[in-house]
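What follows is a set of notes on a single structure, which appears directly below.
The values are calculated or read from the model by the stated rules, or taken from the named source; none is laboratory data. Keep in mind it's a predicted model, so treat the numbers as computed, not measured. We place every Cβ from the backbone using ideal geometry, glycine too, and count neighbours over all the protein chains shown. Surface accessibility is based on the protein's heavy atoms, side chains included, excluding ligands, DNA and RNA. Shrake-Rupley method; radii C 1.70, N 1.55, O 1.52, S 1.80 Å.
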Amino acid sequence: MDFTISPVNKMIIKAAKDFSERKIPAIEAYMKANNDYPPDLMEIYAKNRMLGFNVPREYGGIGTSNFNMILYIEEMGKTASTCFLPFMMNNSVAETICHWGSEEVKKKFVPPLCDGTAWATMAFTEPDTGSDPKMLTTTARPDGDDFIINGTKRFISMANKPGYGVFICKDLSLAGQKNNTTAFIIDKSSPGISCSKHYELTGLEGADTCDITFTDVRVPKGNILGNQGEGFNILLRWIAGERIQQAAGMVGVGQRAFDEAKKYSLQRVVNGMPMGYMQGFYWMLGEMKVKLEACRLMVYQAVCKQDAGKAFEVDSAEVKVFTTPMIQEVTRMAVQFLGSYGYSKEYIVEKLFRLAMHQGVVASSLEINKTIVGMTALMSRSK
Amino acid sequence: MNIIVCIKQVPNVTQVKWDADGSLIRTGLPTIINPVDKNAIEAALQLKEQHGGKVTVLSMGPSQVESALREALCMGVDDVIQLTDRKFAGADTWATSYTIGCAIQKIGDYDLVITGVEAMDGNTAQVGPQVAEYLGLPLLSYALSIAVADGKVTIDQKLGDVARVIEAKLPALVTVEKEINEYRVTPIDKLIDAFERTIPVWGVDDISPDVVHLGLKGSPTKLRKVYSPKLEKGKVEMLEGTPDEVARQLVDKLNAKFLI
Ligand SMILES: Cc1cc2nc3c(=O)[nH]c(=O)nc-3n(C[C@H](O)[C@H](O)[C@@H](O)COP(=O)(O)OP(=O)(O)OC[C@H]3O[C@@H](n4cnc5c(N)ncnc54)[C@H](O)[C@@H]3O)c2cc1C
Ligand SMILES: Cc1cc2nc3c(=O)[nH]c(=O)nc-3n(C[C@H](O)[C@H](O)[C@H](O)COP(=O)(O)OP(=O)(O)OC[C@H]3O[C@@H](n4cnc5c(N)ncnc54)[C@H](O)[C@@H]3O)c2cc1C
């Protein structure tokens, strides 16, 4: 496979770097002061035409590749800012609605996700499970032309922001059937919806992740995404893309950790010479670099498959299984490089380390992905 | 309102190198759009957003200026024109301005020309004013703002510690300062479109100039030598004693050098 970075790709990287350097500091400053995203974050993204990467122009998107999007995310990852999370969410949910939705659904719900008026959400996780569709307890009960939604979704990103979310619910009209989950597009300001406070997280500073509770929330049948019973499949396809995007962000995080470690090791003098010249440290740098390079190649390979329209779900799971411990190790090593400074909030490496920890538990857990990869290998006929 | 913006591609270094003949060694240096010229593009795009019309960007230089023009397209300008011809090479500011002036005459239909105040490599700040002179346009230089209304353009002109408001009838030429705006981050849709475009290249035959005024031969300025001035390393002397004593020593030393 050929990963030549084309002139377009290079310009994307340049634009992303420019955005990260000139726009993210103000976003970060707001998030630090308010422990939340700036209210106009989606407008900022829309103004810079960063929403709808893989959505056709007729629905307000840009109509380019997922590859270009993950290059953008990789640059944003280098800033260690959590603001890439809503960026990924609007892009991936808009693409998901485009993939599964009827013409009417696409026309109604996709443009607001691209023009910055709506914040996207994708909600599956509940108090009792983040992995098993059979355990879902949020129910959708048919009532005339509507469904009535009841239940709680847990750890939901951007649940308390205005706009639409895709909510995977147990469809009571499919009771007794094997595939009984349905995806509903729900306006998050509908009557009957309430949200908890934000969770205090290890990393991802400023993230608004919270619980969202539905009490007799009325949703028109026309808001069903795809067909009834397809809810879990919609989630799986979405999350396969999300894992790659998340991993691309983490490659950026790892790259920044490497850059910081390298810079420090050329400055800090130990035993009369810059510490980087000690074999223990340059070996570490070498290891970090190789790990990063392997992660990057794996992410690029998976996204190329996605762009080529091939099945990429297992590749995406492999990406999570490989890159999660690698990037966590690279950021941990960067903390070691900087010694006590690395463990202090004065330097960015501790933030990178905490940020890298989220990859194992958000957008499906590491173990679930090992299960996907392992079971696929076991069941596959080819050797 | 149709606006023409002139941009220069410059090497992205502060300490450039010259060869034995005093010519800039460009090979191997990464190039960028002269930074203030991005503000010129931004100013033009903002005026277009207010008044409609179209923005055309012009650049003279060797074949690699294509990448600067591509970047201008990425920012969202409507058209670009690349002025490349061996006969343009080696131009001083006069010949550069003449060539750009001929190209602008060829484009013909314009209300405003915008340039940066100065290029970060040549630093003469002459091209804008000379293009205005050649085209017989009123010149509004050092702009901190541009407003257009009723066939007139008004700018706040930066003059050291003071600013003054000047206005002129259109068509006119404005040179802009970097403080005029913050240029936009490249919008991704324009970026993608920019790579679908072919960039037109104009040579001598396209702008029908008087060839004796072109390039090195047409340049009245003869460059004798370009060099980096030698930097003298500063000597540091630490004064010792109580604050009073140190102050006295310092006054004596400054007096001895007739500095106070
Ligand atoms: C170190 C150095 C010293 C030089 N010294 C002299 C000198 O003393 N006298 C002399 O006549 N020449 C000199 N030149 C040559 C001169 O730089 C270029 O020939 C001329 O093309 C641009 O002049 P400038 O860079 O000073 O631009 P400036 O006049 O400072 O540029 C002002 C604006 O004009 C526009 N512009 C400038 N060049 C172009 C272009 N090629 N295409 C489109 N728009 C443009 C841009 O908007 C720019 O912001 C020098 C060049 C270098 C690199
Ligand atoms: C910051 C943040 C943001 C989030 N945003 C969202 C969001 O927007 N939308 C959303 O729906 N969710 C979101 N989540 C939830 C997240 O996706 C889930 O927490 C995750 O999928 C794991 O679910 P769980 O914690 O319920 O673990 P469980 O599913 O209860 O699993 C518990 C443990 O068992 C393991 N396990 C479970 N099943 C298997 C299996 N079959 N094979 C092997 N091991 C298994 C898991 O790996 C885990 O270690 C977010 C979480 C966080 C922290």
Reported set for the range A:353-366 where residues are open to solvent by less than 60 Å² (accessible area, probe 1.4 Å), touching a residue at least 60 places away in the same chain (Cβ under 8 Å) and in a helix (DSSP H, G or I) is A:ARG354, A:LEU355, A:ALA356, A:HIS358, A:GLN359
All conditions in (1) over 23 Å from B:LYS178 (Cα atoms); (2) in contact (Cβ under 8 Å) with a residue 40 or more places away in the chain; (3) open to solvent by 10 Å² or more (accessible area, probe 1.4 Å); (4) more than 15 Å from the chain's Cα centre (by Cα) are true of B:ASP111 except (1)
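Check the range A:112-119 and report whether any residue there is over 24 Å from A:ALA257 (Cβ atoms), outside any helix (DSSP H, G or I), open to solvent by 30 Å² or more (accessible area, probe 1.4 Å) and modelled with pLDDT of 95 or more. Please lay out each step first, then the result.
Initially, the range A:112-119 is screened for residues over 24 Å from A:ALA257 (Cβ atoms), giving A:112-119.
Going one step further and asking which of them are outside any helix (DSSP H, G or I), we end up with A:115-119.
Within this subset, residues satisfying the condition of being open to solvent by 30 Å² or more (accessible area, probe 1.4 Å) are A:115, A:117.
Checking which are modelled with pLDDT of 95 or more leaves us with A:115, A:117.
Yes.
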Among residues of the range A:96-118 being within 25 Å of A:LYS23 (Cα to Cα) and within 16 Å of ligand 2 (Cβ to nearest atom), the residue nearest to the other protein chains (Cβ to nearest Cβ) is A:LEU113
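I'd like to check something: does the range A:2-19 contain any residue that is buried (at least 24 other Cβ atoms within 10 Å of the Cβ), within 18 Å of the chain's Cα centre (by Cα) and within 14 Å of chain B (Cβ to nearest Cβ)? Give the steps one after another, and end with the answer.
Initial filter on the range A:2-19 (buried (at least 24 other Cβ atoms within 10 Å of the Cβ)): A:12, A:15-16.
Going one step further and asking which of them are within 18 Å of the chain's Cα centre (by Cα), we end up with A:16.
Applying the additional criterion that residues be within 14 Å of chain B (Cβ to nearest Cβ) yields A:16.
Checked the range A:2-19: at least one residue is buried (at least 24 other Cβ atoms within 10 Å of the Cβ), within 18 Å of the chain's Cα centre (by Cα) and within 14 Å of chain B (Cβ to nearest Cβ).
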Per the list (1) open to solvent by less than 10 Å² (accessible area, probe 1.4 Å); (2) within 12 Å of another protein chain (Cβ to nearest Cβ), residue check on A:ASN90 breaks on (2)
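With the structure loaded, tell me whether A:ILE156 is out of contact with any Leu (no Cβ under 6 Å at 6 or more places or on another chain) and either at pLDDT 95 or above or away from ligand 1 (no atom under 16 Å from the Cβ) (or both) or whether it fails that test.
Working: out of contact with any Leu (no Cβ under 6 Å at 6 or more places or on another chain): yes; either at pLDDT 95 or above or away from ligand 1 (no atom under 16 Å from the Cβ) (or both): yes.
Here the answer is yes, as A:ILE156 does meet what is asked.
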Listed by first then second residue, the pairs whose first member lies in the range B:51-70 and is more than 25 Å from B:LEU214 (Cα to Cα), whose partner is assigned to a helix (DSSP H, G or I) and within 12 Å of ligand 1 (Cβ to nearest atom), with beta carbons under 7 Å and at least 6 positions apart or on separate chains, are B:VAL55/B:ALA44
Sole miss for B:LEU239 among (1) away from every other protein chain (no Cβ under 14 Å); (2) of a type in the set (A, V, I, L, M, F, W, C); (3) open to solvent by less than 100 Å² (accessible area, probe 1.4 Å); (4) within 16 Å of ligand 1 (Cβ to nearest atom) is condition (4)
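Tell me, yes or no, whether the range A:26-40 has at least one residue that is of a type outside the set (D, E, K, R), within 13 Å of another protein chain (Cβ to nearest Cβ) and more than 19 Å from the chain's Cα centre (by Cα). Before you say what the answer is, go through the steps one by one.
Within the range A:26-40, the first condition is being of a type outside the set (D, E, K, R), and the residues that meet it are A:26-27, A:29-31, A:33-35, A:37-39.
Cutting the leftovers down to within 13 Å of another protein chain (Cβ to nearest Cβ) gives us A:26-27.
Restricting the remaining residues to those that are more than 19 Å from the chain's Cα centre (by Cα) gives A:26.
Yes: one or more hits.
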Query raised in the report: Does A:GLU205 satisfy being closer than 30 Å to A:ILE348 by Cβ, more than 16 Å from ligand 1 (Cβ to nearest atom) and more than 14 Å from chain B (Cβ to nearest Cβ)?
Result: yes
Within the range B:168-186, the count of residues that are acidic (Asp, Glu) and without any contact (Cβ under 8 Å) to a residue 24 or more places away in the chain comes to 0
Report task. Restrict the check to the range A:67-86 and report whether at least one residue is surrounded by fewer than 23 Cβ atoms within 10 Å (Cβ to Cβ), among the basic types (Lys, Arg), on the phi < 0 side of the Ramachandran plot and outside the structural domain of A:ILE186 (by TED's automatic domain parsing). Result -> no
Screening A:SER157, A:SER173, A:SER189 for residues that are in the same structural domain as A:LYS221 (by TED's automatic domain parsing), open to solvent by less than 60 Å² (accessible area, probe 1.4 Å) and either among the basic types (Lys, Arg) or farther than 22 Å from A:THR82 by Cα (or both) leaves only A:SER173
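This table checks each residue for (1) outside any loop (DSSP other than H, G, I, E, B); (2) away from chain A (no Cβ under 14 Å); (3) within 16 Å of ligand 2 (Cβ to nearest atom).
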position: B:THR186; (1), (2), (3): no, no, no
position: B:ASP189; (1), (2), (3): yes, no, no
position: B:GLU196; (1), (2), (3): no, no, no
position: B:ASP206; (1), (2), (3): yes, yes, no
position: B:LEU216; (1), (2), (3): no, yes, no
position: B:LYS222; (1), (2), (3): no, yes, no
position: B:LYS225; (1), (2), (3): no, yes, no
position: B:LYS230; (1), (2), (3): no, yes, no
position: B:LYS233; (1), (2), (3): no, yes, no
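Let's see how each residue does on (1) closer than 13 Å to A:ILE244 by Cβ; (2) within 16 Å of ligand 2 (Cβ to nearest atom); (3) within 14 Å of chain B (Cβ to nearest Cβ); (4) not in a loop (DSSP other than H, G, I, E, B):
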site	(1), (2), (3), (4)
A:GLN306	yes, no, no, yes
A:THR331	no, no, no, yes
A:GLU346	no, no, no, no
A:LYS351	no, yes, no, yes
A:ILE368	no, yes, no, yes
